[in-house]
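A short worksheet on the structure shown next.
The values are calculated or read from the model by the stated rules, or taken from the named source; none is laboratory data. Bear in mind that the values here come from a model prediction, so they are computed numbers and not experimental data. For neighbour counting, all protein chains shown are included, and Cβ atoms are generated from backbone atoms with ideal geometry for every residue, glycine included.
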Amino acid sequence: MSTLATVDWIVIAGYFCIILGLAWWVIRQKNDTTTDYFLAGRHLGWLIVGASIFASNIGSEHLVGLAGSGATDGVALAHYELHAWCLLVLGWVMVPFYMRSKVFTMPEFLERRYSPVARTILSVISLVAYVLTKIAVGIFAGGVVFSVLMPELSIMGLNSFWIGSILVIVFTGIYTVLGGLRAVAYTEALQTVILVIGSGLVLVYGLDAIGGWAQLKAVVGSEMFNLWKPLVPDGMASTWAPVRTSSEMAWYFNDQYPWLSMLFCAPIIGLWYWTTDQYIVQRALGAKNETEARRGSIAAAVLKLLPVFIFIIPGIITFALAETGQIAEIQNALLDSNGELIRENAQAAFPLLVAHILPVGIRGIVVAGLLAALMSSLAGVFNASSTLFTMDFYSRLRPNASQTHLVWMGRVATVVMVVIGLAWIPVIQGGRGLYDYLQGVQSYLAPPIFVVFFLGVFNKRLNKEGCLSALLVGFALGLFRLAVDTPVAMMDGFAYDPGSFLWIINNIFFQYYSLAITVICILVMFAVSYATAPPVYEQISGLTYGTLTAEHRAESRRSWDWRDVAASALVLVLILAAYLYFNG
């Protein structure tokens, strides 16, 4: 039976009515050109930009995966959330180049900086990555939430998991397809408010259920609140020591999060995601000007600090309630007969908490927040995918197509992406955890993109030959690892022969493999670029620091003042405070 009462359903229905009303108002606005549909006419203010970036990011992998990681590993994965400083890099370093170039997509920026071929390659990889991660993960998480909150729901032979997945897709797809980025951005701004309030209520009621913060720490132990402890095995004197165990290969093959890979790999993934991914940057591209785009990025950085407290901590609370046996339903769901945590079931930690500790009415608000996160995440990737396909492929194949036709084609592209994403759900279900799956795939695909964007901006000598070589080599290495990992994830009982080449590739810790791809891409890009002719600097004027004119610098300087600097400094102080507090 459903855990939701009539009052909860009324609250949820009210949420849907508000979202539909807002979406309808936005849809009725002008949406007949590609600029209107894909970039909201470039009229978004900083608050909408910041809230939209946050809502797009805080989606299914957080509701299901990050909260689940809190139940299994404590605050270990807060490292990724505390990389909010990457959004400051977007605002201060990359936004000026993006706004100056007036591009629609990140691959289009690569075309301006390097070549049309680089644009095509990045577009293909981005679309593949969205299928492998964001779309499929979003669908899967929607199903998990529904299966916990309405386990007995069944329609025409479909269980609650599939019903939830389909409903989230259909409802989100409707307003995304019709309204474009403007509908996505404005609904995401509203959904941010609902999400933060709802998740905040889960934290408050969860702490009350367990007996307060001090009692929570007493139940789970201080190690669950130590950012560095999970990175080093027992017996190590310093958290900055290399990770080693009795196995000679443990430094390379380790189930924990070694400090070396977390220190160097996590920022690479963060900078790729927050500063070069179409899914995120498209909101900044829709801003009125450089000032609004930068301030939106700073606002998103402030909001990005919240997940540690509204997702990870509730995950820890769920584990604590299971350990103490205070709520039998949670204990039965998370612990086996020996009292050991069932890691796979931890993905349901957040919806379990919602289902069993919240009073009637409040539960409806929080469920609305859960749906808001799922829908905003999917809406963002739907819009990003349609933009990439339409502007980077279709418009180049049909250069004479009308603006109206391009908008229509962008809507069609969304449906195709969803269908393909459904096919990947079995892969995710076979993985060891939703958040682990997402981080693994991103770690294999991100390095070459990070390299060509950042090196290209900071070094004007790097050319199109170097860019293409780095992209091809990097993506080949990443796709090879995915091809090796997929059979292990999909097929029960499948394993490579221990010690074989494929076994070694499959068992190298994913962050170490990502670091290897990054280093190789850097070496390839420099070697090929300096072995071939330099780019024509006049063609890349304003696209690298070495080709900025005095006018470019003056224009960018006028776009910020002391308030932007102070807000950015505050973000850095808060991040430092979090690291100091969660230090065991």
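Any idea which residue in region 454-493 is surrounded by the fewest Cβ atoms within 10 Å (Cβ to Cβ), counting only those that are within 22 Å of the chain's Cα centre (by Cα) and not hydrophobic (A, V, I, L, M, F, W, C)?
Across region 454-493, the extreme among qualifying residues is THR486.
Just for region 72-85: of the residues that are surrounded by 21 or more Cβ atoms within 10 Å (Cβ to Cβ) and at pLDDT 85 or above, which one is farthest from THR275 (Cα to Cα)?
LEU82
Mind listing whichever residues of region 488-507 are in contact with a helix residue (DSSP H, G or I) (Cβ under 8 Å, 6 or more places away or on another chain) and within 30 Å of LEU468 (Cβ to Cβ)?
Within region 488-507, LEU502, ILE505, ASN506 meet the criteria.
Check whether at least one residue in region 41-60 is closer than 22 Å to LEU305 by Cβ, within 15 Å of the chain's Cα centre (by Cα), assigned to a helix (DSSP H, G or I) and at pLDDT below 70, and report yes or no.
Looking through region 41-60, at least one residue is closer than 22 Å to LEU305 by Cβ, within 15 Å of the chain's Cα centre (by Cα), assigned to a helix (DSSP H, G or I) and at pLDDT below 70.
Being out of contact with any Asp or Glu (no Cβ under 7 Å at 6 or more places or on another chain), within 30 Å of ILE522 (Cα to Cα) and modelled with pLDDT of 85 or more: is that true of VAL381 here?
So VAL381 fails the test.
Take region 163-174 and flag every residue that is surrounded by fewer than 22 Cβ atoms within 10 Å (Cβ to Cβ) and over 20 Å from ALA355 (Cβ atoms).
Result: ILE166, VAL170, PHE171, GLY173, ILE174.
Which one of these does SER556 not meet: (1) touching a Pro at 6+ places or on another chain (Cβ under 9 Å); (2) in a loop (DSSP other than H, G, I, E, B); (3) small (Gly, Ala, Ser)?
Result: SER556 passes all but (2).
Search region 556-584 for residues being closer than 15 Å to ARG294 by Cβ and without any contact (Cβ under 8 Å) to a residue 24 or more places away in the chain, and hand back the single one that is surrounded by the fewest Cβ atoms within 10 Å (Cβ to Cβ).
So the residue we want is TRP562.
Anything in region 336-364 that is surrounded by fewer than 19 Cβ atoms within 10 Å (Cβ to Cβ) and at pLDDT 80 or above? List them, or say none.
Selection gives PRO359, VAL360, GLY361.
Can you go through THR318, THR275, THR291 and tell me which one is surrounded by 24 or more Cβ atoms within 10 Å (Cβ to Cβ), hydroxyl-bearing (Ser, Thr, Tyr) and over 19 Å from the mean Cα position of the chain (by Cα)?
Within the list THR318, THR275, THR291, the selection yields THR318.
Return the residues of region 127-169 that are more than 22 Å from the chain's Cα centre (by Cα), of a type outside the set (Val, Ile, Thr), modelled with pLDDT under 70 and within 17 Å of GLY68 (Cα to Cα); say none if nothing qualifies.
Matches in region 127-169: LEU149 only.
Can you name the residue in region 561-584 that is out of contact with any helix residue (DSSP H, G or I) (no Cβ under 6 Å at 6 or more places or on another chain) and outside any helix (DSSP H, G or I) and, of all such residues, is modelled with the lowest pLDDT?
Within region 561-584, the match that is modelled with the lowest pLDDT is ASN583.
Could you list, ordered by first residue, the pairs with Cβ atoms under 6 Å in which the first is in region 76-96 and within 19 Å of PHE453 (Cα to Cα) and the second is among the aromatic types (Phe, Trp, Tyr) and buried (at least 24 other Cβ atoms within 10 Å of the Cβ), at least 6 apart or interchain?
CYS86/TRP274; LEU87/TRP274; LEU90/TRP274
May I ask you to say which residue of LEU88, LEU22 is modelled with pLDDT of 75 or more and under 18 Å from the mean Cα position of the chain (by Cα)?
After ruling out the rest, the residue left standing is LEU88.
Take the residues in region 397-407 that are without any contact (Cβ under 8 Å) to a residue 40 or more places away in the chain and surrounded by 14 or more Cβ atoms within 10 Å (Cβ to Cβ), then tell me which one is nearest to ILE135 (Cα to Cα).
Going through the qualifying residues, I end up with HIS405.
Could you tell me whether SER69 is in contact with an Asp or Glu (Cβ under 7 Å, 6 or more places away or on another chain), crowded, with 24+ Cβ neighbours inside 10 Å and touching a residue at least 24 places away in the same chain (Cβ under 8 Å)?
For SER69, the condition - in contact with an Asp or Glu (Cβ under 7 Å, 6 or more places away or on another chain), crowded, with 24+ Cβ neighbours inside 10 Å and touching a residue at least 24 places away in the same chain (Cβ under 8 Å) - is not met.
How about region 86-110: which of its residues are buried (at least 24 other Cβ atoms within 10 Å of the Cβ) and closer than 17 Å to THR34 by Cβ?
Hits for region 86-110 are THR105, MET106, PRO107, PHE109.
If I filter region 392-403 for residues that are at pLDDT below 80 and not basic (Lys, Arg), do I get at least one hit?
Yes, because at least one residue in region 392-403 is at pLDDT below 80 and not basic (Lys, Arg).
Given the conditions (1) closer than 27 Å to ALA76 by Cβ; (2) in a helix (DSSP H, G or I), which single one is not true for SER395?
If we test SER395 against (1) closer than 27 Å to ALA76 by Cβ; (2) in a helix (DSSP H, G or I), just (1) comes out false.
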